Amino acid sequence: MATGNDCTRILKDVVAYVDVWSSKKTENYSKSFIQQLQQMGAQVSKTFTKQVTHVVFKDGHHVTWKKAKKTGVKLVSVLWVARCNDVGEFVDEELFPAINDEHDSALKKRTHRCMQPKDSPENTPDNNRRMKIKLDKMMQGFVRKSPIIADISGCIIDEEHGIVYSPLLKRSDSMARRLKEMKENRVNLSLTGVCADDGLLYRSQTHELMHGSRHNAPSPFPTVRTLVMTSLSTDKQRTVSQVVKVLGGFSIEDRVCETTTHVVSGGYRRTLNILLGIARGCWILSFEWILCSLEQRQWIPEEPYELSDHFPAAPICRLQQHLSAGEHQQDLFQGQPAMFVSQHSQPPIHSLVELIQLCGGTVCKSVRQAGICIGKYSGRRAEGSRLLSEQWVLDCITHLKTLSYESYTLE
């Protein structure tokens, strides 16, 4: 491992071209990676010349990806730069290949695409023993940074950003008022609609969750916390697993359950895990939260990466969960008649029943006792009962609002 002045020569033979953008392709994040490369001795080219040996790529230009593939230069992700910097050595590029989710060559505009799960035929640590040994060795040499957040005199201070967080218990009244406002204005809810004080409070919550709290009040979070992935490619799932292994604090589950606190999504597709995460008050986060946490070598505040624009109910349910003393149950369907879920429903019956019950609804096993039947059903029903599409349940949860039956009737 290189030390001292040797660190400036780790990548002395590398000529890099950097094309790193946010997932929405609106912010250029190349600068910080350029600086890291230069600090490790690499040359960084402003244009894609013949001398370029490595392309650092994340959500970049289509022409960059196409030219790199054509010329055969090394295409690496931002994680390769971070790993070289962390271990002080030139890391095998094959362990951190760049990924391009825009397969259609006609897609040359900077438009966001929903990332769909896909399998990669490339060699990976999961199917290549040599690569797995290398990766495990590097993970063992990974040293976590000391937290930059200190707990002093009842306040939590982020020394790097100069932010002072209010104590958790003293903000509960403010949170309750804000929750009421949010529930009264459920449409067009976004991060810009969350006041600054609440944003600071969420950061305080994150610190206490990850590093422990000085308060003696019982925590609303489960002792064992789980993280669930959805709409992620195989490579991204592997990345999440590696980061969780390094940073700790979570176990990974396939399905949202009572211990789940975070759902990481590769796109904006509404999946069953997204809806379960909303109903249980989980953080619904983009994959970028994982990458940025790895870059900082600690779990960072979640709110800048929350997918609240596409899932407006998520921050409301999360705040409700935080305010509750124990496991929180939504009241979305409390005023609705008893529901019967058809055996032929999609999502499957057990999933719909769980969603309805998590949102305060009553589910009965007999269709004759139900005021609402969810899903296709051709048998006899109670007089006056309604036959509604499963979409009604899903849309109500997405917007955290009981929607009119008219657009969802199957009769």
- Message: For region 339-408, compute Rg over Rh where Rg is the Cα radius of gyration and Rh is the Kirkwood radius from the inverse mean 1/r over Cα pairs.
- Response: 0.92
- Cβ under 12 Å from Arg386's Cβ, Arg386 left aside: what net charge do those residues give with Lys, Arg +1 and Asp, Glu -1? -2
- Query: Rounded to the nearest 0.05, what FRET efficiency is calculated for Arg225 and Ser404 with R0 set to 35 Å and r the Cβ-Cβ distance?
  - Reply: 0.40
- Task: Using all C-alpha to C-alpha distances in region 249-311, build P(r) with 10 Å bins and read off the rounded percent in each one.
- Result: 22, 56, 22, 0
- Message: Once you order the gyration tensor axes a ≥ b ≥ c over the Cα atoms, which shape class does region 270-372 get: rounded for a/c under 1.5, otherwise prolate or oblate by comparing a/b with b/c?
- Response: prolate
- Query: Going toward the positive end of the dipole of region 339-408, with +1 on Lys and Arg Cβ and -1 on Asp and Glu Cβ, which of Gly384, Val353, Thr398 do you reach last?
  - Reply: Gly384
- Task: Multiply the residue gap between Ser45 and Thr8 by 0.36 nm, knock off their C-alpha separation, and tell me the result in nm, one decimal place.
- Result: 11.6 nm
- Within region 351-407, report the GluC sites (Glu not before Pro) that DSSP leaves as loop and that have at most 12 other Cβ atoms within 10 Å. Glu383
- Note on the structure: The local net charge around Ser404, scoring Lys/Arg +1 and Asp/Glu -1 for residues other than Ser404 whose Cβ lies under 13 Å from its Cβ, equals 0
- Give me the distance in nm between label points sitting 7 Å out from Cα along the Cα-to-Cβ direction at Lys31 and Asp254, one decimal. 4.5 nm
- Task: DSSP loop (so not H, G, I, E, B), at most 10 other Cβ within 10 Å: list which GluC sites (Glu not before Pro) in region 255-307 pass both filters.
- Result: Glu258
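Any read-out appearing in this document is the output of simple, stated calculations on the displayed coordinates, not a laboratory observation. Source: prediction; values computed, not measured. Every residue, glycine among them, receives a Cβ derived from its backbone with ideal geometry; neighbour counts consider all protein chains shown.
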